[in-house]
Amino acid sequence: MKPILIRNGHLIDPSGAIDAPRDILLAESKVAAIDKPGKIKHAGAEVLDAKGLIVAPGLVDIHVHLREPGQGYKETIASGTAAAAAGGFTSVCAMPNTIPVNDSPEITRWMLAPERNAAIRVFPIGAATRGSMGEALTEYGSLRAAGVVAVTDDGKPILGDRIMREALIAAARIGLPVIQHAEDTRLTVGCSMNAGPVAFRLGLRGMPIEAESGLVERDLRLLAEINDARAHLHVAHLSTKAALNAVRKARRNGLRVTCEVAPHHFVLNEEAVGDYDTDAKMNPPLRSEADREALIEGILDGSVDAIATDHAPHAAHEKEQEFDRAPNGITGLESALGLAIAVLRGKHKMPLSRVIALLTCQPANVLGLKGRGTLAVGSPADVVLFDPNKKWVFHAAASKSKSRNTPFNGWTLQGKVHTTISEGRVVFQL
Amino acid sequence: MPAKKKAPTAALRQKAAAPQPVKCAIHPASLLSVTHLTLEDVQQILKLADQLEKEPPARRNQRLFKRRVSLLFYESSTRTRTSFEIAAKSLGADTTLVSDKSSSIEKGESLKDTGLTLRALGAECIILRSPYSGAPYLLAETTGLPILNAGDGMHEHPSQALLDLRTILSRLNKTGSITPNTLKGVTLTICGDIFHSRVARSNALLLPRLGARVILCGPAPLLPEDAVRIAPKDATERIEIERDFNRALAQSQIVMMLRIQAERLAGLSLDLEEYKVRYQANPDRIAQYAPKAVIMHPGPMIRGLEITSEVADSPQSAIEEQVYNGVAIRMALIYRALGVSKGARS
């Protein structure tokens, strides 16, 4: 592979506290050198002119559903990672709610096999319990050896105290985080959106915020009881002020807890359901404006560790159903950066380097993805080049994903990906 | 809770230029929700109902002669189905009934495909009853046909609200035009299982716009506090919650009783004996607190639970009038849906 020299760009690498004009040389799939403009000479390198562009670590999404094995009609590892590359991502963590559930080293290795044609790095997340049935733990040691970076029963939250405690203890022993989709499903039977006046008017059953915050509080209580500094709880797609406050409080008490927020939760509120738009149906649901504002505040004050998309592709015929019957989830990989810049930087004046940190080194740190989300010399050559000011219209039909289920179709986003490089290979170019 | 606002980022939204799965525009002669009706629409529907009702059957029969109207019923129904069917037939239309129990719906056919099939078979209008809130929107968007919502889940039952309005107006001897003051000074109590009731929602979304004060009454599990915020933006009177049925009755000229929808309770348990003590419309209570009020019930009634026979069969009761008024209202809605309402007005 030919070395790549990226010149004339403005380099932002929050992990190295760099926010300056820099050239960067990628060689042998690694970051080889970073220096002031014009300082790096390399005769054999392919030169990429990054004039007017930001050069940043490839983005890291710690929460995606790639649907393989088992549901290739929604997405494949190839199509999902192509969409990720188009969105500027170079690392994605794939949730285990596949068919069959990724609860074994065999399935993990199958996902990682070259035959899957992944455009970028995939880090599988293993099931926390066998079949995600919430009864018996999977073998965390062998899952980790096969490449798993965390365990979770995403979508099927672990409700039992005993099994959750066991999961936290077993995962702590071998250094894996436990990710919880925090939803007390006993409180959300038949529910399809956020509880409140909008749900009442639409005649839909609503999920109370306590279904999320209650389970987060329970998990944090278990984490405190275990009293093992290695035990790490990560709260997936946090959507309520109450749960965020619980996380803040636990962290002040020294517990090892992290959390992520999805773009749709800090951009939209429950009103987006409109007249039963199934592209605004996901779990956790879009919440009230007060919750949305609390998430923004949590992002701005550093309480939120990462932005993660919860990319959840579904076929058109599945979403074209009655609201209660349509599956939960929306795609997110290609709109995440543009939404984050438009809203966090555009509306809330968050410095670009902090927006990038939420999409690179911070998520990489949450799941311990060594060398990812950074441009430190010697780390894998994962780089994204984007125009931070370019406004563009997102068209779902032009997506690289196999699915089109997004509420952001036709939205004007800010920040357009120009080139994505994964381990030294150009995997997306405008 | 704070007032709901649109997320400020909604300004980012633009019209999409790229192709997406095909969605039809909702046909303007559809009736999916009472919120889609202007007061002028309401007035025209009521007027048309009067006119069609008075017309000699032989002439009425020519109005929609051999036009095709489909009834698509995913839930059991006596009143609504029969009344829509009689209404369509009185106008001369051919009706076909498709119900979930005897069609390909049982084999797993989607609402979209069922709608497209009916359209291909010549349906010019579909009357839909569905257990799913919002289903009529899906059918309207996938077929492009005029859709009449005959009750969707817990959401709305717009034709019921219109026939209730017709009943109220006639009982209160209100004639003349429909304005924000038509029901000024009228207080109406809706009592019972508000949470699961599409009838309650449609009435609460319509009547306050005509100046009626609406009191919602029921125990907390069947009447959440959020319910008052259903008040339409152009309401000229407010919606309130009053948990004490006697106090609500004492203020009301109209009392609408609702059935407890056991099929939608979803694990909710309710002490029915206590419910009867607090919320049943029985002769003693009515005589003491609302001796002159008009008693209504959209049906089906569970006699002995929310209402007793003495009350249901009393001269105060307008329950049969409601059913009777349903046919005229539904004739008007079907006539309007088939796009010929201009001819009727002349």
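What follows draws every value from the coordinates through simple rules; no lab data is involved. Computed from a predicted model, the values in this text were never measured in an experiment. With ideal geometry, Cβ positions are generated from the backbone for all residues, glycine too; neighbour counts draw on all protein chains shown.
Within the set of other residues whose C-beta is less than 15 Å from the C-beta of A:Ala113, count the net charge using Lys and Arg as +1 and Asp and Glu as -1. Taking every Cβ under 15 Å from that of A:Ala113, the sum is 0.
Counting every other Cβ atom within 10 Å of each residue's Cβ, B:Val228, B:Val22, A:Val151, B:Val277 order from fewest to most as B:Val22, B:Val277, B:Val228, A:Val151. Dividing the summed helix terms, -39500 (n - 2.57) for each DSSP H run of n ≥ 4, by the number of residues in chain B produces a 222 nm estimate of -10000 deg cm²/dmol to the nearest 500. The eigenvalues of the Cα gyration tensor, multiplied by 5 and square-rooted, give the protein assembly as shown an equivalent ellipsoid with semi-axes of 56, 29, 23 Å from largest to smallest. The overall shape of segment B:98-195 is prolate: from the C-alpha gyration tensor, with semi-axes ordered a ≥ b ≥ c, the ratio a/c is 1.5 or greater and a/b exceeds b/c. For A:Ser353 and B:Glu263, a Förster radius of 51 Å and the Cβ-Cβ distance give a FRET efficiency of 0.35, rounded to the nearest 0.05.
Under a Cβ-Cβ limit of 4.7 Å, which cysteines in the protein assembly as shown have nobody to pair with? A:Cys93, A:Cys191, A:Cys259, A:Cys361, B:Cys24, B:Cys125, each lacking another Cys Cβ under 4.7 Å.
Under Stokes-Einstein, with the Kirkwood radius over Cα pairs as Rh, the value for chain B at 4 °C and 1.567 mPa s is 62 µm²/s.
Working note: Cα atoms of segment A:284-359, range along each principal axis, descending, whole Å: 41, 26, 20.
Between A:Ile226 and A:Leu159, the distance separating the two model label sites (each 7 Å from Cα on the Cα→Cβ line) works out to 2.1 nm.
In terms of the mean number of neighbouring beta-carbon atoms within 10 Å, the peptides A:327-333, A:110-116 order highest first as A:327-333, A:110-116. Entry note, chain B: relative contact order of 19 percent, from Cα contacts under 8 Å with a spacing of 6+ residues. Find out how many positive minus negative residues lie around A:Gly214, taking Lys and Arg as positive, Asp and Glu as negative, among other residues whose Cβ is under 11 Å from that of A:Gly214. In short, -3. Note on A:99-111: average number of Cβ atoms from other chains within 10 Å of each residue's Cβ is 0. The equivalent ellipsoid of segment A:58-374 has semi-axes of 26, 23, 21 Å, largest first, where each one is the square root of 5 times an eigenvalue of the Cα gyration tensor. In this structure, the pairs whose alpha-carbon distance is over 22 Å, taken from A:Lys281/A:Lys347; A:Lys156/A:Lys400; A:Lys156/B:Lys23; A:Lys349/A:Lys391; A:Lys347/A:Lys416, are A:Lys281/A:Lys347; A:Lys156/A:Lys400; A:Lys156/B:Lys23.
Computed about the Cα centre, the dipole magnitude for segment A:58-374 is approximately 980 debye when only Lys and Arg (+1) and Asp and Glu (-1) carry charge, each at its Cβ. In whole percents, the pair-distance distribution calculated for segment A:57-102 from its alpha-carbon pairs, binned every 10 Å from zero, is 31, 52, 16, 1. Exposure proxy shown here: for A:Lys391, B:Lys101, A:Lys319, the number of other Cβ atoms within 10 Å sets the order, fewest to most, as B:Lys101, A:Lys391, A:Lys319. Toward the positive end of the charge dipole of segment B:158-321, with +1 on the Cβ of Lys and Arg and -1 on the Cβ of Asp and Glu, the farthest Cα among B:Met256, B:Leu183, B:Ile241 is that of B:Leu183.
Once you reduce segment B:163-188 and segment A:64-136 to the center of their Cα atoms, the two points are 61 Å from each other.
Structure remark: mean-square fluctuation, Gaussian network model of chain A, C-alpha springs under 10 Å; the largest value among A:Gly87, A:Gly410, A:Gly126 belongs to A:Gly410.
What value, in deg cm²/dmol to 500, does the helix sum -39500 (n - 2.57) over DSSP H runs of n ≥ 4 give at 222 nm once divided by the residues of chain A? The per-residue figure over chain A is -7500 deg cm²/dmol. Rounded to the nearest 20, the Cβ-based charge dipole of the protein assembly as shown about its Cα centre (Lys and Arg +1, Asp and Glu -1) stands at 1860 debye.
With the convex hull constructed from alpha-carbon coordinates only, segment A:282-414 shows a mean projected area of 9.4 nm² over all directions.
In segment A:58-374, taking the dipole from charged Cβ atoms about the Cα centre, the farthest positive-side position among A:Leu255, A:Thr138, A:Cys191 is held by A:Leu255. Between B:Thr82 and B:Asn181, the contour length at 0.36 nm per residue exceeds the alpha carbon distance by 32.3 nm.
Look at the stretch A:309-322: the mean tally of other chain Cβ atoms within 10 Å of its residues' Cβ atoms is 3. Just going by the charge dipole of the protein assembly as shown, with Lys and Arg at +1 and Asp and Glu at -1 on Cβ, which of B:Ala212, A:Leu244, A:Pro284 is farthest out on the positive end? Checking the options against the dipole of the protein assembly as shown, the answer is B:Ala212. Computed over segment A:348-419, the range of Cα coordinates on each principal axis works out to 38, 32, 22 Å, biggest value leading. At full extension, A:Asn245 and A:Thr185 could sit 19.5 nm farther apart than now, given 0.36 nm per residue minus the alpha carbon distance.
The ratio of the alpha-carbon radius of gyration of segment B:158-321 to the globular-protein estimate 2.2 N^0.38 Å is 0.96.
In angstrom, the C-alpha Rg and Dmax of segment B:134-186 are 15.0, 43. The mean number of Cβ atoms from other chains found within 10 Å of a Cβ in peptide A:200-209 is 6, as a whole number.
With R₀ fixed at 51 Å, the C-beta to C-beta distance from A:Arg173 to B:Thr35 puts the FRET efficiency at about 0.35.
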